[in-house]
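What follows is a single structure, written as structure tokens, with notes after it.
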Amino acid sequence: MTEPILSIRDLVTEFATPDGTVHAVDHVSYDVYPGETLGVVGESGSGKSVTVMSVLGLIPQPPGKISNGEILFEGRDLLRLSNAQLRKVRGKDIGMVFQDPMTSLNPVLKVGHQIAEAMQVHADVPDDKARLRTIELLELVGVPNAEARYDQYPHEYSGGMRQRGMIAMAIANEPKLLIADEPTTALDVTIQAQVLEVLSKAKEETNAATILITHDLGLIAEMADRVVVMYGGRVVETGDVDTIFHEPRHPYTLGLISSLPRLDQDLERLVPIEGQPPSLINLPSGCAFHPRCHLGQGRERCRTESPPLVEVGTAHRSACHFTDEMGREIALIESEMGTAIEGVDQ
Amino acid sequence: MTDDLRARAPETAAPAPRGGDAPSAVLPAEEAGHAEILARSQWQLFRRKFLRHKAAMVSIVVLTAIVLAAIFAEQVAPYGFNEINVLDRGIRPTVENQHFFGTDRLGRDYFSRVVFGMRTSLLVGGLVALLSTAVGTVIGAIAGFYRGWVDAILMRMTDLVLILPGLAVLLVAAALLGGGDPIKVGFILAGLIWVQLARIVRGTFLSLREKEYIEAARASGAGDLRIMFRHMLPNSMGPIIVNATLVVATAILIEATLSFLGFGVQPPRPALGALINDGRSAMTTDWWLVVMPGLTLVAICLCVNFIGDGLRDALDPTQQETV
């Protein structure tokens with residue numbers, strides 16, 4: 001297998017709060033390979049965003065602190081780089097698309113200037129060249145009338161248009177890694193599809209590896225090659241997208257899949273995951289998922305022992321003590337739903 | 001007024017499509033001539049609001065006239081500021097011989113003295129506004145951006161300046177440095193006045209640094225200086241500009257106070273405060289010696305404050321235009 005372009009190893013990111021230290025990211029490891037799209041799913045507060053913020057060195061310190069691990073980008077540990085060195089990586093080798101396009105563009109600067117600036121920060125590009133290249137980029141991401149749009153301010157753009165602008169900015173320097181942090185969450189459903197299309201196109205154009213952070217499993221099914229499922233600051237399951245959707249080996253993943261409404265089948269009912277996402281200040285002992293777990297049923301081992309992430313198939317890993325019982329669990333859920341769980345991907 | 005109404009009509013008929021994707025489709029019945037709604041830029045919105053602020057517009061006209069008169073004092077003033085006409089002593093304001101503001105007991109034309117006095121006052125006011133804005137912005141920006149110990153040191157410094165008894169310090173400084181020169185007076189005043197703006201800018205920067213677009217700028221590799229001065233500063237221009245205009249008025253008044261007390265600009269160069277002081281002894285009989293420079297002072301300060309008001313209203317995006 002080829003070398004990963006980004007390799008996160010045993011990362012721990014914690015935040016000091018008045019109520020104690022919160023481990024937002026707790027010994028997380030995953031790899032991103034060149035050209036692939038890695039989907040990262042999880043509920044709010046599962047540490048998806050904090051992980052990539054740590055990669056970019058954008059964790060506010062204090063109160064944040066990266067206390068363990070390494071982040072290897074093309075073999076270099078980003079955590080050991082100085083601020084100035086890290087700045088050369090940000091926006092040049094790693095591009096980032098933020099969640100809310102409404103607030104991610106500076107309201108008092110022209111959109112064109114902001115995109116051009118992303119180039120000029122990293123290379124000595126004369127203004128007229130940067131302008132031409134920016135207009136090209138705007139056309140690439142499907143902003144109509146790019147020439148005139150260059151000179152407009154963010155408030156003159158619609159939401160979808162702004163996200164296109166953000167994508168243009170992220171790929172301006174042809175990054176090797178593109179991080180999209182819930183790029184469609186703040187958009188209308190109709191616009192979402194368009195933005196995803198633009199994102200795929202941008203990825204094709206630059207051939208960048210992509211980390212797609214989302215809590216929308218449909219998005220993952222459509223876009224991702226491999227999936228990382230996070231819960232309570234930890235990785236609970238990873239595998240390629242078909243495996244994850246057809247043979248989940250962690251009850252949380254199964255819960256996510258079975259709580260998803262389906263357009264293609266007439267479901268009897270959805271099966272929600274009961275309970276609340278865990279509070280990071282007071283994580284449940286043992287397996288963080290155990291209070292909500294159907295499979296564990298409060299077994300002693302689940303409550304006391306934190307399950308390690310172990311190999312359960314080809315390139316498929318899960319952090320559950322009872323992965324071998326998952327087959328039975330899937331059958332149970334299927335009978336409850338009246339349909340097979342597989343086939344989410346189209 | 002009809003122009004105004006016409007311009008507003010489309011807005012009430014249908015909210016302007018902000019994206020500007022298909023502006024013409026939204027307004028079917030509008031006449032062809034002005035059917036198109038143009039998306040308004042920040043600057044256009046600002047200009048529109050500012051132009052509607054009547055007090056500010058009048059003030060701009062008046063202040064421009066005053067500033068021009070001060071700059072071209074030699075041409076505007078019918079007499080020199082120290083020119084004595086022994087025959088015309090103690091004359092009331094009159095158009096005769098062009099003694100619009102009367103003359104003093106030495107026979108100097110008071111209108112000419114006030115015009116030259118305005119030059120001094122405006123010079124001090126402008127200089128103080130410029131200096132204190134520059135210093136206050138930079139210090140406030142650094143404190144708000146870096147927070148932590150940098151912030152602590154800079155803010156304790158501003159607190160220190162803030163608790164100094166202003167007038168006493170000014171008098172001592174003027175006495176030590178020699179207050180005669182308006183430039184020197186300007187520097188002394190700026191040294192005391194920058195603190196307000198430093199605090200305002202610090203507060204603005206503290207809130208701005210948490211904005212997502214600042215994080216986005218950081219994620220695209222922008223450095224500290226670029227983020228501070230290219231991304232955050234334009235977002236805090238509103239309060240900075242408004243504060244600068246208000247400082248002009250404050251500085252002119254303080255300079256007048258200093259001159260009145262005899263520590264400001266020294267004779268023979270006239271300053272508005274000094275003129276009021278000169279006239280004080282003869283106030284009961286020759287009232288114009290106090291009233292005329294006093295009114296000028298009031299006019300300048302009112303104009304500057306109204307302009308500041310207008311700017312604040314126009315720059316405040318939360319304040320919507322009322323139709």
Amide proton proximity set for B:Arg108, modelled H, under 5 Å, gap of 5+:
B:Asn85
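If you count, for every residue in B:208-216, the Cβ atoms of partner chains within 10 Å of its Cβ, what is the mean?
Going residue by residue through B:208-216 and averaging, the value is 6.
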Descending packing, highest mean Cβ count within 10 Å first, for B:43-50, A:281-288, A:243-250 is A:243-250, A:281-288, B:43-50
For chain A, what is the relative contact order in percent, using Cα pairs closer than 8 Å and at least 6 residues apart in sequence?
19
Sort out for me the Cα centre separation of segment B:206-264 from segment A:45-110, rounded to whole Å.
29
If every Lys and Arg gets +1 and every Asp and Glu gets -1 at its Cβ, then about the Cα centre segment B:119-315 yields a dipole, in debye to the nearest 20, of 340
So for each of B:297-309, A:316-328 I average, over its residues, the number of other beta carbons within 10 Å; can you give me the resulting order with the highest mean first?
B:297-309, A:316-328
Report the net charge of residues surrounding B:Ile227, where surrounding means a beta-carbon distance below 15 angstrom and charges are Lys +1, Arg +1, Asp -1, Glu -1.
+3
For A:Asp127 and A:Arg328 in one chain, what is 0.36 nm times their gap in residues minus the Cα-Cα distance, to one decimal in nm?
66.1 nm
Rounded to one decimal in nm, the spacing of the 7 Å Cα→Cβ label points at B:Thr64 and A:Gln276 is 6.3
Sequence order, segment B:237-246: Karplus ³J(HN,Hα) from phi using 6.51 cos²θ - 1.76 cosθ + 1.60, θ = phi - 60°, Hz rounded, Gly and Pro as x, gives 4, x, x, 5, 4, 4, 4, 4, 5, 5
Put +1 on the Cβ of each Lys and Arg and -1 on the Cβ of each Asp and Glu in segment A:238-337; which of A:Pro272, A:Leu295, A:Asn282 then has its Cα farthest toward the positive end of the dipole?
A:Asn282
Looking only at other chains, what is the average number of their beta-carbon atoms within 10 angstrom of each beta-carbon in B:225-238?
2
For chain A, the charge dipole (Cβ of Lys, Arg +1; Cβ of Asp, Glu -1; about the Cα centre) points to a positive end, and the Cα of A:Gln120, A:Ala172, A:Ser259 closest to that extreme belongs to A:Gln120
Restricting to the protein assembly as shown, what percent of DSSP beta bridges are antiparallel, rounded to 5?
65
Might you report the magnitude of the Cβ-based charge dipole of segment A:238-337 about its Cα centre, with Lys and Arg at +1 and Asp and Glu at -1, to the nearest 20 debye?
440
Give me the dipole magnitude in Debye, nearest 20, for the protein assembly as shown about the Cα centre, with unit charges on the beta carbon: positive for Lys and Arg, negative for Asp and Glu.
3280
Violations at 21 Å Cα threshold for listed pairs A:Lys92/A:Lys129; A:Lys92/A:Lys203; A:Lys48/A:Lys201; A:Lys88/A:Lys110; A:Lys110/B:Lys211 -> A:Lys48/A:Lys201; A:Lys88/A:Lys110
Where does each of B:Phe72, B:Phe260 land when they are ranked from fewest to most other beta-carbon atoms within 10 angstrom?
B:Phe72, B:Phe260
Count, for each residue of A:102-112, the Cβ atoms from other chains sitting within 10 Å of its Cβ, then give me the mean as a whole number.
5
Spin-label proximity, A:Glu205 to segment A:147-166 - amide N less than 19 Å from point 7 Å beyond Cα toward beta carbon:
A:147-152, A:157-166
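Answer rounded, prolate or oblate for segment A:238-337, using the Cα gyration tensor with square roots of eigenvalues a ≥ b ≥ c: rounded when a/c is under 1.5, else prolate when a/b is larger than b/c, else oblate. Intermediate values should be presented prior to the final figure.
Details: a/c = 1.84, a/b = 1.31, b/c = 1.40.
In terms of gyration-tensor shape, oblate.
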Can you list the HN-Hα couplings for segment B:197-214, worked out from phi with the Karplus curve (6.51, -1.76, 1.60; θ = phi - 60°), rounded to whole Hz and with x for Gly and Pro?
5, 4, 5, 4, 5, 4, x, 4, 5, 4, 7, 5, 5, 8, 5, 5, 6, 6
Using θ = phi - 60° and Karplus 6.51 cos²θ - 1.76 cosθ + 1.60, couplings along segment B:111-125 (whole Hz; Gly, Pro as x)
4, 5, 5, 5, 4, 5, x, 4, 4, 4, 4, 5, 4, 4, x
Taking segment A:238-337 and dividing mean pair separation by its residue count, relative contact order in percent (alpha carbons under 8 Å, at least six apart):
33
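Bear in mind these aren't lab numbers, they're just calculated from the coordinates by the rules spelled out. No experiment lies behind these values; they were computed from the predicted model shown. Glycine gets a Cβ as well: all are built from the backbone with ideal geometry, and neighbour counts include every protein chain shown.
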